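What follows is a short report on a single structure.
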Amino acid sequence: MSKPRVLVACAVFPQVLQRLREHFEVEAIAEGETWRQDEFTRRLAGREGAFITGTHRIDAAVLASNPQLRIVANMAVGYNNLDVAAMRSAGVVGTNTPDVLTETTADFGFALVMAAARRMLEAEKFLRAGLWKRWRYDMFAGSEVHGSTLGILGMGRIGRGIARRGAYGFGMKVIYHNRHRLDADVEEACGARFVGMQELLAESDHLVLVLPYTSEAHHIIGAAELARMKPTATIVNIGRGGLIDENALVLALEAGRLAAAGLDVFEGEPRVNPALLTLPNVVLTPHIASATVLTRLAMADLAADNLIAFFDGRGALTPVT
Ligand code: DGY
């Protein structure tokens, strides 16, 4: 019997690619290559399965030109690149990679809070530039992390991981806002208290965005929300770029209406708003919150396992459609 045909549209660990080749007839993107959306759509022709990341969209147009497609394994927990409704009506299964990245991503969210609040990158650049001539009491004096108020917008698995780090590792008061309030025992386990959006904005010393990106969450933090925050506050985004109105953020940071930001995700990435690049009080990283070797391997393995289980007839392991 012929093997199912699978398109691997992103770079992946050689051992995972090898495993996929054992089960499928694979066409994989070459090292260093990127496929624009139209090229990706064209390459999908005749493929029943796809292994992708957030770079490519599965939408009505892709589905219409690829009626043979049966499953798309997204190597990411976020799946805003999948049009779930269109996939469901086309009978195409979508999968993501939850759980395996929770703690690693929470570590990174917390690291961005630390780096932004304690001005680590500004200080590092200053040192490398040979500008350090003497110790000064106010040199790169930032804001407290321990004992301060940590706000979390989006209290899924990763949000809860960040909350636990803040509450139990750093003695922080943790408040959160979410579409649904968590059960009392879950709130207690992560040491967090539910508040309304306005209170979250006004009370947080450090606000972390870790909610999924949807059309309702587009620019959930804009000029009005930033204006509600403390001028000494920091904001961190490890969700998706579209959650923050970046132009409003730039204005707030420039005007000193907000102390600092840590951003791992950007609207239109890998392009980065040029104004952000010029600001000293922003820590910028290229969408790497889940990037440890072990976690990225676990994500790739889970995406591969989803394809294998689906075509074995066992059903996808972590479906989202
Ligand atoms: C995720 O898993 O959603 C990360 O943002 C990587 O895309």
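The values are calculated or read from the model by the stated rules, or taken from the named source; none is laboratory data. Keep in mind that this is a model prediction, so the values were computed, not measured. Cβ sites come from the backbone with ideal geometry, for glycine too, and all protein chains shown count toward neighbours. Please note that ligands, DNA and RNA were not included when accessible areas were found on the heavy atoms of the full protein model with its side chains. Shrake-Rupley method; radii C 1.70, N 1.55, O 1.52, S 1.80 Å.
Work out the FRET efficiency for Met1 and Leu297 from their Cβ-Cβ distance, taking R0 = 25 Å, and round it to the nearest 0.05. Walk me through the intermediate numbers first.
Details: r = 30 Å, r/R0 = 1.19.
So the FRET efficiency works out to roughly 0.25.
For the chain, set up a Gaussian network in which alpha carbons nearer than 10 Å are linked by springs, and say which option among Thr34, Thr97, Thr53 fluctuates the most.
Checking each option, the largest mean-square fluctuation is seen for Thr34.
Give the cross-link partners of Lys3 among the aspartates and glutamates, using a straight C-alpha distance below 15 Å as the criterion and excluding same-chain residues fewer than 8 apart.
Straight-line reach from Lys3, under 15 Å: Glu22, Glu25, Glu27, Glu48, Asp312.
For the stretch 102-284, state the semi-axes of the equivalent ellipsoid (square roots of 5 times the eigenvalues of the alpha-carbon gyration tensor), sorted largest first and rounded to whole angstrom. Don't skip to the answer; put the middle values down first.
Working: eigenvalues 136, 76, 42 Å².
Over the Cα atoms of the stretch 102-284, the semi-axes work out to 26, 19, 14 Å.
Among the helices of the chain (complete DSSP H runs), which have Cα atoms covering no less than 20 Å along the helix axis and a Kyte-Doolittle mean of at least 1.0?
Numbers: long enough: 102-117 (23 Å, 0.94); 293-312 (28 Å, 1.06).
Result, helices passing both filters: 293-312.
Using a 7 Å offset from the Cα along the Cα-to-Cβ direction at both Ala45 and Met139, what is the distance between the two label points in nm, to one decimal?
Label-label distance for Ala45 and Met139, simple model: 6.3 nm.
Name the most mobile residue of Leu182, Leu258, Leu150, meaning the one with the largest mean-square fluctuation, in a Gaussian network model of the chain with Cα contacts below 10 Å.
Evaluated over the chain, the most mobile residue of the options is Leu182.
For a label point 7 Å from the Cα of Asp185 along Cα→C-beta, name the residues of the stretch 143-161 whose backbone N is under 15 Å from it.
Backbone N within reach: none found.
Please list, in chain and number order, the residues 5+ apart from Ile152 or on another chain whose amide H is under 5 Å from its amide H, with Hs placed from the backbone.
Those qualifying (amide H under 5 Å, at least 5 residues apart or on another chain) are Ile175, Tyr176, His177, Val208.
Any number yet on Rg/Rh for the stretch 73-187, C-alpha, Kirkwood?
Details: Rg = 19.6 Å, Rh = 17.2 Å.
Reported Rg/Rh, Kirkwood definition of Rh: 1.14.
Could you order Tyr213, Tyr176 by accessible surface area, starting with the largest, using a probe radius of 1.4 Å? Mind dumping the intermediate values first?
Values: Tyr213 65, Tyr176 0 Å².
Most to least solvent-accessible, the answer reads Tyr213, Tyr176.
Say the dipole of the chain comes from +1 at the beta carbon of Lys and Arg and -1 at that of Asp and Glu; which of Ala248, Val265, Ala115 then lies farthest toward its positive end?
Ala115
Taking 35 Å as R0, compute the FRET efficiency from the Cβ-Cβ separation of Arg314 and Leu279 and round it to 0.05.
On the way: r = 50 Å, r/R0 = 1.42.
E(calc), rounded to 0.05, equals 0.10.
Multiplying the sequence separation of Leu251 and Glu25 by 0.36 nm and subtracting their Cα-Cα distance, what value in nm do you get?
Full extension from Leu251 to Glu25 adds 76.3 nm.
Between Rg and the Kirkwood Rh of the chain, both from Cα atoms, what is the Rg to Rh ratio?
1.01
Treating only the Cβ atoms of Lys and Arg (+1) and Asp and Glu (-1) as charged, compute the dipole magnitude of the stretch 163-227 about its Cα centre; round to the nearest 20 debye.
Magnitude of the dipole: close to 140 debye.
Which value, in debye to the nearest 20, gives the size of the charge dipole of the chain about its Cα centre, when Lys and Arg are +1 and Asp and Glu are -1 at the Cβ? Provide the component values of the computation, followed by the final result.
Details: 33 positive and 35 negative charges, 85 e Å.
For this selection, approximately 400 debye.
Got a number for the accessible area of Arg57? Probe 1.4 Å, square angstrom, nearest 10.
120
Straight-line reach from Lys173: which lysines have a Cα under 26 Å away, not including same-chain ones fewer than 8 places off?
Lys230
About the Cα centre of the stretch 102-284, what is the dipole size in debye to 20, counting +1 per Lys and Arg Cβ and -1 per Asp and Glu Cβ, all else neutral? Write out the running numbers ahead of the final one.
Details: 20 positive and 21 negative charges, 117 e Å.
Dipole size: approximately 560 debye.
Using the beta-carbon distance between Leu131 and Glu269 and R0 = 30 Å, what value does 1/(1 + (r/R0)^6) give for FRET efficiency, to the nearest 0.05?
Rounded to the nearest 0.05, the efficiency is 0.45.
Ordering Phe310, Phe266 by accessible area with a probe of 1.4 Å, largest first, what comes out? Write down the numbers at each step before the final one.
Numbers: Phe310 35, Phe266 15 Å².
Largest to smallest exposure gives the sequence Phe310, Phe266.
Averaged over all directions, how much area does the convex hull of the C-alpha atoms of the stretch 121-175 cover when projected, in nm²?
Details: hull surface 20.8 nm².
For the stretch 121-175, averaging the hull's shadow over all directions gives 5.2 nm².
Ordering Met120, Met197 by accessible area with a probe of 1.4 Å, largest first, what comes out?
Output order, biggest surface exposure first: Met120, Met197.
Tell me the mean residue ellipticity at 222 nm calculated for the chain from its helices only (DSSP H runs of n ≥ 4, each -39500 (n - 2.57), averaged over every residue, nearest 500). Don't skip to the end; give the middle numbers.
Details: 13 runs with 115 residues, N = 321.
Calculated at 222 nm, the ellipticity per residue is -10000 deg cm²/dmol.
Could you identify which residue out of Val208, Val272, Val77 has the top mean-square fluctuation in a GNM of the chain using Cα springs shorter than 10 Å?
Residue with maximal mean-square fluctuation among Val208, Val272, Val77: Val272.
Quick one: if you stick a label point 7 Å off each Cα along the C-beta vector at Asp38 and Asp99, how many nm between them?
Label-label distance for Asp38 and Asp99, simple model: 4.2 nm.
Multiply the residue separation of Ala202 and Ala11 by 0.36 nm, subtract the distance between their alpha-carbon atoms, and state the gained length in nm to one decimal. Can you show the working numbers first?
On the way: separation 191, 0.36 × 191 = 68.76 nm, distance 4.20 nm.
The span from Ala202 to Ala11 would gain 64.6 nm if fully extended.
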